[in-house]
1. Any residue in segment 154-162 that is under 28 Å from LYS211 (Cβ atoms), modelled with pLDDT of 95 or more, touching a His at 6+ places or on another chain (Cβ under 7 Å) and surrounded by 13 or more Cβ atoms within 10 Å (Cβ to Cβ)?
2. Considering only segment 85-98, I want to know if a residue exists there that is modelled with pLDDT of 90 or more, under 17 Å from GLY167 (Cβ atoms) and either in contact with a Ser or Thr (Cβ under 9 Å, 6 or more places away or on another chain) or not in a strand (DSSP E or B) (or both).
3. Of the residues PHE135, PHE143, which single one is surrounded by fewer than 16 Cβ atoms within 10 Å (Cβ to Cβ) and either modelled with pLDDT of 85 or more or over 14 Å from ALA38 (Cβ atoms) (or both)?
4. Being of a type in the set (Asp, Glu) and either without any contact (Cβ under 8 Å) to a residue 40 or more places away in the chain or buried (at least 21 other Cβ atoms within 10 Å of the Cβ) (or both), is that true of even one residue in segment 228-238?
5. Taking the stated definitions as given, is VAL201 buried (at least 19 other Cβ atoms within 10 Å of the Cβ) and more than 18 Å from the chain's Cα centre (by Cα)?
6. Of (1) modelled with pLDDT under 85; (2) surrounded by 14 or more Cβ atoms within 10 Å (Cβ to Cβ); (3) touching a Gly at 6+ places or on another chain (Cβ under 8 Å); (4) not basic (Lys, Arg), PHE130 satisfies all except one. Which?
7. I'm checking my understanding of the structure. Among residues of segment 109-127 that are of a type in the set (Gly, Ala, Ser) and closer than 17 Å to THR41 by Cβ, which one is surrounded by the fewest Cβ atoms within 10 Å (Cβ to Cβ)?
8. Considering segment 3-43 alone, what residues qualify as being part of a strand (DSSP E or B) and either at pLDDT 50 or above or under 15 Å from the mean Cα position of the chain (by Cα) (or both)?
Amino acid sequence: MKNIFAIVITILVSTGVWSQQDPHYTQYMYNMSVINPAYTTSTEGIINIGGIHRSQWVGVDGAPKTSSIFLHTPINDKIETGFSLVNDNIGDIVKENNLYADLAYKLDFEEKGILSFGLKAGVTFFDVDFTGLEFKDTGDLAFENINEMFFNMGAGVYFNTDKYYVGLSVPNFIPSNHLEEDSGQYQGVEQAHWFLTGGYVFDINEQFKFKPAFMTKAVKGASMSLDLTANVLFNEKFELGIGYRLDDAISGLASFMVTPEFRIGYAYDHTTSNLGTYSNGSHEIILLYNLNILTKGFDKSPRFF
């Protein structure tokens, strides 16, 4: 219990002011709808369904675990809708569930690409439960259980062609106070997170494609995060890649198209920060499925991001 308490407090209040961080995703390029409500696929009659689970810093007591499910589908050639549920769990003490709906409006410039604008709105259920923990050497600190629900909203813009994409988004505009000063020694604030993402598909030959991508994340009270990823796709079925998160981790990624509709992917992060001494790394698995509700088959070129 002491180790769990230590890691939770380290994560939440390491600087004396708790600035809640949105979860990291190594396979962010396939989890884009959670990050950016403007993400679109432009394939009518297809419901894109996905699920991802991430176990952070395996071997460290109380380390974060994140699970999410998401889906999105075009309503017509202009509007696309989506839904996401994200569960973030730190040591079974801090639990956050985010339930959000997305709406995107698309402008089709034909061969030049598609520009879309998106809005995200929903609720967050935030719980902190210290019941059962024995605090030692905490001085005069007072920790109270928290059970809150609050509204939030976000927005994004996304541009893509068959070869590349770029997106800018803020999934949560409204700061949320979790711990007020008069009820504890720390003040918890969930700040707005800014995401800038991009990627390109290079045709090496008929069988191989090279897919570099990046994601930057910025939030007040924390260092900027930068992810760089390079994947190689073979025969439009198997993908293998490496990634680097600035001052945090190096990653290996792999995914496989089990069927034309179903993809499974896995990523492993080797921690390069100070936590690497205590951690066995991080594991992430993602499942993606395209449900064809019109049963007319796919009439567009494959999407590579």
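1. No: zero hits.
2. no
3. Sole residue among the options that is surrounded by fewer than 16 Cβ atoms within 10 Å (Cβ to Cβ) and either modelled with pLDDT of 85 or more or over 14 Å from ALA38 (Cβ atoms) (or both): PHE135.
4. Taking every residue of segment 228-238 in turn, none turns out to be of a type in the set (Asp, Glu) and either without any contact (Cβ under 8 Å) to a residue 40 or more places away in the chain or buried (at least 21 other Cβ atoms within 10 Å of the Cβ) (or both).
5. For VAL201, the condition - buried (at least 19 other Cβ atoms within 10 Å of the Cβ) and more than 18 Å from the chain's Cα centre (by Cα) - is met.
6. Every condition holds for PHE130 apart from (3).
7. GLY113
8. Hit for segment 3-43 is GLN20, nothing else.
The values are calculated or read from the model by the stated rules, or taken from the named source; none is laboratory data. Note that the coordinates shown come from a computational prediction; the quantities given were computed from them, not determined experimentally. For neighbour counting, all protein chains shown are included, and Cβ atoms are generated from backbone atoms with ideal geometry for every residue, glycine included.
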